[in-house]
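The values are calculated or read from the model by the stated rules, or taken from the named source; none is laboratory data. Owing to the predicted nature of the structure, the values given are computational and were not obtained by experimental measurement. Ideal geometry is used to build each Cβ from the backbone, glycine not excepted, and the neighbour counts take in all protein chains shown.
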Amino acid sequence: MSERFIISDTHFSHRGIVTFTTKNGKPERPWDTIEEMDEALVKNWNSVVGPKDKVYHLGDFCINRSALPICARLNGIKRLIKGNHDVLRMEEYAPYFKDVHGSYPLNEFILTHIPLHPQAVAERWKGNFHGHLHSERVMKEPDEYSFDIGGTTIIENVIDPLYLCLSAEQVNYTPISYEDAVKRWEEQQ
């Protein structure tokens with residue numbers, strides 16, 4: 001029996017990503033070179049995904065066409081939900097991905113690269129599994145979770161429970177099973 005996995009934002013061969021930092025100044029990725037990063041991502045992927053497993057990649061697979069053949073080294077039957085960096089022609093993705101989508105329904109969740117508008121999610125879906133935000137999360141609007149103490153407005157940062165970011169940074173740079181993603185989503189409710 002095959003399993004289903006999800007990951008986003010692998011950014012294979014993206015030279016700049018190994019220099020990106022989070023809001024608090026920590027490196028976004030733990031590698032010094034893209035070669036180290038690419039090899040670690042392949043190893044992580046193949047450590048959990050078998051040849052017959054299904055993988056939903058939520059966009060930003062690679063930055064340039066020269067990195068696209070890395071996909072052939074990755075186990076599983078892959079579907080690409082296009083991200084903002086997935087700008088190649090459809091026929092270039094065809095040898096590597098079973099199909100390519102703008103969004104993809106998976107049971108009661110909608111899979112996208114960029115988080116959808118909350119109304120679009122809430123009207124039809126239980127939640128939105130997405131990428132794009134890397135180490136960040138979709139937060140509730142500040143006015144929903146702000147209060148006054150002695151004339152000072154305090155704003156709490158509260159994760160919006162409709163959304164689950166599955167960027168590589170959020171899943172230890174390894175595809176996560178669909179069941180584990182649902183568990184994470186349920187834990188934040």
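In table form, for the structure just shown:
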{"item": "Residue in segment 60-80 that is touching a Lys or Arg at 6+ places or on another chain (Cβ under 7 Å), part of a loop (DSSP other than H, G, I, E, B) and closer than 26 Å to ILE110 by Cβ present", "result": "yes"}
{"item": "Scope segment 63-90; condition at pLDDT below 95 and surrounded by 15 or more Cβ atoms within 10 Å (Cβ to Cβ); matching residues", "result": "ILE63"}
{"item": "Looking only at segment 131-150, and only at residues there that are at positive phi and surrounded by 15 or more Cβ atoms within 10 Å (Cβ to Cβ), the one that is modelled with the highest pLDDT", "result": "HIS132"}
{"item": "Pairs with Cβ under 6 Å, 6+ apart, first in segment 156-183 and within 28 Å of ASN75 (Cβ to Cβ), second among the acidic types (Asp, Glu)", "result": "SER167/ASP9; ALA168/ASP9; SER177/GLU3"}
{"item": "Any hit, segment 20-28, residues being at pLDDT 95 or above and surrounded by 15 or more Cβ atoms within 10 Å (Cβ to Cβ)", "result": "no"}
{"item": "Odd one out for ASN128, checked against (1) modelled with pLDDT under 95; (2) in contact with a helix residue (DSSP H, G or I) (Cβ under 6 Å, 6 or more places away or on another chain); (3) in a strand (DSSP E or B)", "result": "(1)"}
